[in-house]
1. Could you list, ordered by first residue, the pairs with Cβ atoms under 6 Å in which the first is in the range 258-278 and under 17 Å from VAL211 (Cβ atoms) and the second is in a loop (DSSP other than H, G, I, E, B) and hydrophobic (A, V, I, L, M, F, W, C), at least 6 apart or interchain?
2. Take the residues in the range 35-72 that are out of contact with any Ser or Thr (no Cβ under 9 Å at 6 or more places or on another chain) and closer than 27 Å to LEU94 by Cβ; name whichever of them is surrounded by the fewest Cβ atoms within 10 Å (Cβ to Cβ).
3. Mind checking which pairs have a first residue in the range 43-63 that is in the same structural domain as SER20 (by TED's automatic domain parsing) and without any contact (Cβ under 8 Å) to a residue 60 or more places away in the chain and a second that is of a type in the set (Gly, Ala, Ser) and assigned to a helix (DSSP H, G or I), Cβ under 7 Å, 6 or more apart or different chains?
4. Only residues that are aliphatic (A, V, I, L, M) and either at pLDDT 85 or above or outside any strand (DSSP E or B) (or both): list them for the range 202-228, please.
5. Filtering the range 256-294 down to residues that are in a helix (DSSP H, G or I) and not hydrophobic (A, V, I, L, M, F, W, C), which residue is farthest from ALA236 (Cα to Cα)?
6. Considering the range 148-192 alone, what residues qualify as being assigned to a loop (DSSP other than H, G, I, E, B), of a type in the set (Ser, Thr, Tyr) and farther than 17 Å from GLU214 by Cβ?
7. Could you figure out which of (1) in a helix (DSSP H, G or I); (2) modelled with pLDDT of 90 or more; (3) surrounded by fewer than 19 Cβ atoms within 10 Å (Cβ to Cβ) isn't true of GLU231?
8. Step by step: first the residues of the range 154-175, then only those that are surrounded by 15 or more Cβ atoms within 10 Å (Cβ to Cβ) and among the small types (Gly, Ala, Ser), then the one that is nearest to LEU246 (Cα to Cα). Which residue is that?
Amino acid sequence: MGRLEDLQAFARVVDARGFSGAAKLLGATKSAVSKQVARLEQQLGTRLLHRTTRSVSPTAEGLSVYERALRLLEDAQALDAELAGRREAPRGLLRLSTSTAFGNLQFTALMVDFCAQHPELQVVLGLNDRYVDLAEEGFDVVLRLTGRPSPGLVARRLADIRFVLCASPGYLAANGAPATIQDITDHRCLRFGYVQAPDRWRFAHPVDGEVEVETRGALRFESGLTANSSESLRVAALAGMGLAILPTYAIGPDLRAGRLQAVLPDWTPRGGPAEANTLYAVYLPSRLPSPKVRALIDFLVERLGEVPPWDRNLDLPMSRTD
């Protein structure tokens, strides 16, 4: 087979589904990656890629070469580690992405300790409230809050994300606390407009099952108006504007201090924003995780533990109904 560098370039093109994404992954130019793949095709005497203006995909021969290349690259990486006689220290550039609210409220603080532990790493953190394509945008790891990780990516589960129906003591004093789940229909509700039907909330109970209730909106955030709606809804809830469904990573301190109160805590929010009920670290497949990626995931697993810091010492039901 061709040179190892050419095989690596070809494998990254397949991973990224294009030359631009592969160039970002490799820290090279698009033209350099194209030349490496062309050289490999010439050396092997066969066409490895179907190329169109919109996509790149492996031929039958290319798929066979890709699978063999992955094994060779993994063996080469393992051999390097064995010859070094130690696990390589994390170094270089580590590009990360997560949601704006989670990044601001939790992840950035964790990165302070992580960076202190790994001074040879330069961490670049992108905060985005949109789907991030790891290959196209060159991220090493994305911290994704979702119920279903995207297919085609390696997903390491890190923590549960819990959502709570809540309101300020002032709002509840003025309007009364809902005694039953159906009482929500009589209250003002603060809503995410872009991920949830505008007039219904869905809840699950360990005994009574799932229920949908109609809501009367007091304030609704659309994606075009704000990029960090969890933070915005929290401010509105603290101001006494109505009931809100919010993640505990955003309101844990408010619940502990009594600035917000859980409403009907035995009912678990479902659907809409509450579908983002698990935190995953996701990265591209078919490659051994680099030392910097392994270091980050090991750090997060240790720090988050069985119960993540934002859920500790919260007087709320811990059971899940899914």
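The values are calculated or read from the model by the stated rules, or taken from the named source; none is laboratory data. Bear in mind the structure is a predicted one, so any value in this text is a computation, not a measurement. Every residue, glycine as well, gets a Cβ built from its backbone with ideal geometry; the counts of neighbours run over all protein chains shown.
1. PRO265/LEU316; GLY272/VAL195
2. Residue satisfying both the conditions and the ranking: ARG71.
3. If the second residue must be of a type in the set (Gly, Ala, Ser) and assigned to a helix (DSSP H, G or I), the pairs left are LEU48/GLY62; LEU49/GLY62.
4. ALA204, VAL207, VAL211, VAL213, LEU225, ALA227
5. PRO291
6. Across the range 148-192, the qualifying residues are SER150, SER168.
7. (2)
8. Per the stated criteria, the residue is ALA167.
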